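Trainee: I'd like to ask some things about the structure below.
FYI, it's all coordinate maths here, none of it is from the lab. From a predicted model like this one, the values you see are computed outputs, not experimental measurements. Counting neighbours? That spans all protein chains shown, and the Cβs are built from the backbone with ideal geometry, glycine included.
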Amino acid sequence: MELAFVIEKVVLVTLIFVVTLVIAMYSTLAERKVAGFMQDRFGPDRAGPFGILQPLCDGGKFFFKEEIIPAGAHKSLFILGPTIAIITACIGSAVIPWGQSLTIGDRVIELQVTDVNIGVLYMFGVVALGVYGIMLGGWASNNKFSLMGAVRAASQSISYELAMGLALIALLMVTQTLSLKEIVEQQSGFVNWNIWVQPLGFLIFLVCAFAECNRVPFDLPECETELIGGYNLEYSSMKLGLYMFSEYINMFVSSALMATLYFGGYNFPFMYDLGLSQNWITIIGVIVFFAKIFAFIFFFMWIRWTLPRFRYDQLMNLGWKVLIPLAIANIVLTGVITIINDTFF
Amino acid sequence: MSVFYFVAFLSIFFALMTIFTKNPVHSVLYLVITFFTFTVHYILLNAQFLAVVNFIVYMGAIMVLFLFVLMLLNLNKDTEPLKSNLVKFMGVIAGMCLLVTLAASFRLLQISDPVVLKNPDIGLVSNLGKVLFSDFLLPFEISSILLLTAMVGAVLLAKNDPKKV
Amino acid sequence: MITLTHFLIVGACLFSIGLYAVMARRNAIMVLVGIELMINAAVLNLVAFGRYDSEHYGGQAFALFAIVLAAASVAVALAIILNVYRHYKTINPEDINHLKD
């Protein structure tokens, strides 16, 4: 473990962390801008040109608000809740390959924090941990509505994790590896993207990603009209900010994951035919990757202002009676096609 | 090497916290940390796949279920009546006797080989998968049936019977 | 040097702790927690043994099956506890002493 390697990784981790936070910050602005666009109004435009200072104002407001811990709340768990939420949101980005390698001098720098050979499972574990933050926060608030939101969040998250895992299994049958880096490398060019071989799997994964991020139309844990706010009802100040922030980070990470798994990651069409040097391919790849991520984030927001919220039993029915059977059918279909391919072609 | 001692200490410490904490929710959270130390143990033993499975299944699913049930039953107050000291004493004696017996029997054993990497790829997903689908195919299929049965059984048990109520 | 015995001793400690929880707690969920600890101690032993089985990977395969069994049993056990609570309004195993009436 040489020093340069450590420095390189520390710089990379810091960079990814900062980029994640900045994107999450500006997602809040983008959300309101998109809402304005959808509803034919301007959205926030007072703080700075086009309102680009709005997230800073929001952050400042969160910091300076009064910090309230309810008298009946369980203090340590009340603080632990948002902490876990934000940590699990952030550590997911560790295995995502952001780009190919950069060559500076004679050093080759991989634009991925770590290429573990079980990257997909790692992501899955992190997603599974995310529910603790919500559950603990909701329970520790000592409020019926919070608890109800927390229980809803937990059952929703567990139910949709199943369908998500089954959709991933079909994908893994095609890719035959669990390493995210290798999955991306297999999808070079345009025709090799996994979306063309796993359209149904992608659809299931997309729906489950919406549910895991607690986004509309699956935002039952925090619906204002039924639960006056949901699991974060008793939270104020920066703790509420952390919950909201973790939600936007989750959105960013799951967008990155979908782009990685199904849309070729940093690959773009004709990437080796343009006669570019490796460094340029890498840089353009990173830009393309982020463009894909932004497209997904926009899609998240688009859906938010298009579809109404599900009723709770509809949500559970969709998860257990539609998505899981579909995912299993997808696995069987993938298996049959693989066997036919192997034997006849 | 020192990593092992540290992690072993943490496992035992948090396991003790698990059973001596009064509040069930705290106790379940300590158990989550204990399971996390198990994950580290598995990585030390070069069983990466098992480590991740432990992480997902235990920390992600089973412990969430525990928390879920605790929250549904609303047992967050210290409602658990204390057992008489006699029973606790018996529990301690039984646990310690078992521990002493096990430790003594380990001492009698030959000092085993150091845990070395006989086959460094032993825990990789592909190798374990090949073994599961060749040598252990029948148990694998049976366990899948068992899981299905457990799922149906759990749903049936937990469901409110509309006719009864 | 870390030998197999080290792992076995850790497993033994955890098993004993789990046994204490099973015997001394008066809350069915805590008893279940104790059982989980014991199962995990056994799984740790299996994985440690698996280091010596380079041909069949038996240790890790059995550990995997043990985890599956534990997961299935926990799901059913928690469902039973929920039902018992609904019926008796307590989950102290010693108070649940009526047959069906």
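Trainee: For chain A, set up a GNM with springs between Cα atoms under 10 Å and report which of A:210, A:296, A:50 has the largest fluctuation.
Mentor: A:50
Trainee: Rounded to the nearest whole Å³, what is the per residue volume of the convex hull around the Cα atoms of segment A:191-345?
Mentor: Hull volume over Cα atoms, normalised by residue count, gives 137 Å³.
Trainee: Quick one: work out Rg over Rh on the C-alpha atoms of segment A:85-244, Rh as Kirkwood radius.
Mentor: 1.06
Trainee: Using amide H atoms built in the peptide plane, which far-off residues or other-chain residues are under 5 Å from residue C:3 H to H?
Mentor: Those qualifying (amide H under 5 Å, at least 5 residues apart or on another chain) are B:115.
Trainee: Counting pairs of Cα atoms in segment A:70-344, how many percent are more than 32 Å apart?
Mentor: Here the tail beyond 32 Å accounts for 29 percent of pairs.
Trainee: Among A:278-291, A:104-117, A:253-266, how do they line up from the highest to the lowest mean number of other beta-carbon atoms within 10 Å? Provide the component values of the computation, followed by the final result.
Mentor: Numbers: A:278-291: 16.8, A:104-117: 14.1, A:253-266: 25.2.
By packing density, highest mean first, the sequence is A:253-266, A:278-291, A:104-117.
Trainee: What is the Cα radius of gyration of the protein assembly as shown over 2.2 N^0.38 Å, N being its residue count? Write down the numbers at each step before the final one.
Mentor: Details: Rg = 25.5 Å, N = 611, 2.2 N^0.38 = 25.2 Å.
For the protein assembly as shown, the normalised Cα radius of gyration comes out at 1.01.
Trainee: Could you check the simple spin-label distance between residue A:10 and residue B:159, using points 7 Å along Cα→Cβ, in nm with one decimal?
Mentor: In this crude spin-label approximation the distance works out to 5.8 nm.
Trainee: How much space per residue, in cubic angstrom, does the convex hull of the C-alpha atoms of segment C:4-88 take up? Kindly include the intermediate steps, with their values, before the conclusion.
Mentor: Details: hull volume 4.8 nm³, N = 85.
Convex hull of Cα atoms, per residue: 57 Å³.
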